[in-house]
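Student: Here it is, the structure in full.
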Amino acid sequence: MNHSLHITTQRLELLPCCLEVAQAVIARNKLEVERLLGVRVPDDWYGSEVLDIFPMYAQMLIDDPSQLGWGVWLMIHIGDSALIGDLGFIGKPDQTGTVEMGYEVLSAYRQQGFAFEAVEALVDFAFTQPELKRIIAHSPEDHVASIRILEKLRMQQIARDENLLKWELKLESR
């Protein structure tokens, strides 16, 4: 993926998280993150699960800058000029052309279609990359909203592990 990555939907702007922003997030420097992105960052984003992966993600970008776009993407609400969530992949496609995807929206912006809008746009974009053949995702079996998003993307449930469902979307089934 190239470095001028940027996806705009009806209400959102999706940006791959660059190394500079990732390092400011790790340092918990909210003002610097806001300055770099040019948007407001709600305090509750800093309580989100994605923050746990930022040290690993930053190291991934240091080791291989071409991973940009195959990691964390930031979900910007255009109207509110605010960071409202994140989504993305866990690295480049493996030898089978598979990536794992995840997403999260801040509670104030849930149940308004933002997650689906963002995930659908990122999936559509990702499938333009020649090396990608398949996207997988996991959701708790009791997380109705997340399951609904995966179903709307036409993902197929392929496995169940304890209370976690595994889903896939293949390029040829789109």
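Student: For region 129-174, taking Cα atoms only, what is the radius of gyration to one decimal and the Dmax to the nearest whole Å?
Tutor: Computed over the Cα atoms of region 129-174, radius of gyration and Dmax are 11.1, 34 Å.
Student: Order these peptides, 94-104, 7-17, by their mean beta-carbon neighbour count within 10 angstrom, highest first.
Tutor: Working: 94-104: 15.5, 7-17: 17.5.
Going by the mean number of other Cβ atoms within 10 Å, highest first, we get 7-17, 94-104.
Student: P(r) for region 1-102: what percent of alpha-carbon pairs falls in each 5 Å bin, starting at zero?
Tutor: Pair shares across the bins are 2, 13, 24, 27, 20, 10, 3, 1, 0.
Student: To continue, here is another question. Tell me which lysines have Cα within less than 25 Å of LYS166's Cα, excluding those fewer than 8 residues away on the same chain?
Tutor: Leaving aside lysines fewer than 8 places away in the same chain, those within reach of LYS166 are LYS92, LYS133, LYS152.
Student: Using the Kirkwood formula over every pair of different C-alpha atoms, what hydrodynamic radius in Å results for region 1-40? Mind dumping the intermediate values first?
Tutor: On the way: mean 1/r = 0.0898 Å⁻¹.
Result for region 1-40, one decimal place: 11.1 Å.
Student: Kindly put TRP73, TRP45 in sequence by how many other C-beta atoms sit within 10 Å of each C-beta, fewest to most. List each step's numbers first, then the result.
Tutor: On the way: TRP73 25, TRP45 22.
Fewest-to-most ranking of TRP73, TRP45: TRP45, TRP73.
Student: How many percent of Cα pairs in region 7-173 exceed 29 Å? The partial results should precede the final answer.
Tutor: Values: 2219 of 13861 pairs.
That tail contains 16 percent of the Cα-Cα pairs.
Throughout, read-outs are computed from the coordinates displayed, never taken from laboratory work. The model shown is predicted, which means the values in this text are computed figures rather than measured ones. All Cβ positions, even for glycine, are placed from backbone atoms using ideal geometry, and neighbour counts span all protein chains on display.
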